[in-house]
Structure formats: structure tokens, C-alpha cells
Amino acid sequence: MCLSLQPGTLARLSEMLGEAGGEVWAALLIDASGRQSLASLPNLSARTDAFIVSRAGWQLVRTHAADRRLRIAALVHSHPRGTGLSRADRKGLERSTLPWIIVAAGPGGIDYAVHAPPPS
Ligand SMILES: [Zn+2]
């Protein structure tokens, strides 16, 4: 499946990047009609170049999605620049069953790349 971010999702990410001033982490949710939304995940790490999501934080997103009959389609996070995977991202993606989308603010708006998880 080819995953692309809808204009509304890109606009929301742009807003979130402006608010966060650091790294944005969110789950990309899709409803039955294909409409995307984002649920942000709080970062427990004090570092801006690292991310720790708590079990509780992740559970909140799963409940939010289940209540609204949304599918968790991908994990989205931002980089200060570039949309490639970092070494830590690579390790995380190896253990993931979801695609990871890396976003970065570019001159023409939000750039992003979809990284597929390893085949299971
Ligand atoms: Zn990263």
C-alpha cells in the first residue's frame, strides 16, 4: 500500500512543528473513508533528538483510535532536517509493524518520507 499524507494532515503537522519547537511524534490514524488524522504522542525523553513513548501514552492513542473506529496506519515523527532514518530510527523500525513517516520542515512546506517496516 502506498501511503501519502493528505493536505490537511500536512497542515496539522506544520502547526504541530511550530508549537512543539522540538520533535513531533504522532500516530497517523485513518477512518473507514480514508480520512487521516493525527494523535500526538508525548515525549518522555528530555532530549530533543530522542523519543521515549510510555506504555500509557501509547495505550491512550490506541483507545482514542478504537473509540473512533480509526486504524493506526503509521508512526510519524519530525527531524530538524532531512527525512532519512537515523540509526535509532532504524533499530526502532526493525521492531515495528507500522511504517514510520519522517517529516521535516522544508522550504516549500513539509517534506516527508515513508519508511516501510521489515517484512514479517
Ligand atoms: Zn528520527
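The values are calculated or read from the model by the stated rules, or taken from the named source; none is laboratory data. None of the values given here were measured: they were computed from a predicted structure. No Cβ is skipped: glycine too gets one built from the backbone with ideal geometry, and neighbour counts run over all protein chains shown.
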From the option list Ile110, Ile72, single residue qualifying as surrounded by 17 or more Cβ atoms within 10 Å (Cβ to Cβ) and over 23 Å from Gln59 (Cα atoms) is Ile110
Members of the range 97-120 that are assigned to a loop (DSSP other than H, G, I, E, B) and among the hydroxyl-bearing types (Ser, Thr, Tyr):
Thr97, Ser120
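One line per residue, one yes/no per condition, for (1) surrounded by 12 or more Cβ atoms within 10 Å (Cβ to Cβ); (2) modelled with pLDDT of 95 or more; (3) within 11 Å of the ligand (Cβ to nearest atom):
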| site | (1), (2), (3) |
| --- | --- |
| Leu28 | yes, yes, no |
| Ser40 | yes, no, no |
| Ala50 | yes, no, yes |
| Ala66 | no, yes, no |
| Ser78 | yes, no, yes |
| Gly106 | yes, no, no |
| Pro117 | yes, no, no |
Exactly one condition in (1) modelled with pLDDT of 90 or more; (2) within 14 Å of the ligand (Cβ to nearest atom); (3) within 24 Å of Gly8 (Cα to Cα); (4) out of contact with any strand residue (DSSP E or B) (no Cβ under 8 Å at 6 or more places or on another chain) is false for Ala32; which is it?
(2)
From the residues in the range 82-96 that are within 9 Å of the ligand (Cβ to nearest atom), assigned to a helix (DSSP H, G or I) and in contact (Cβ under 8 Å) with a residue 24 or more places away in the chain, which one is farthest from Pro107 (Cα to Cα)?
Ala88
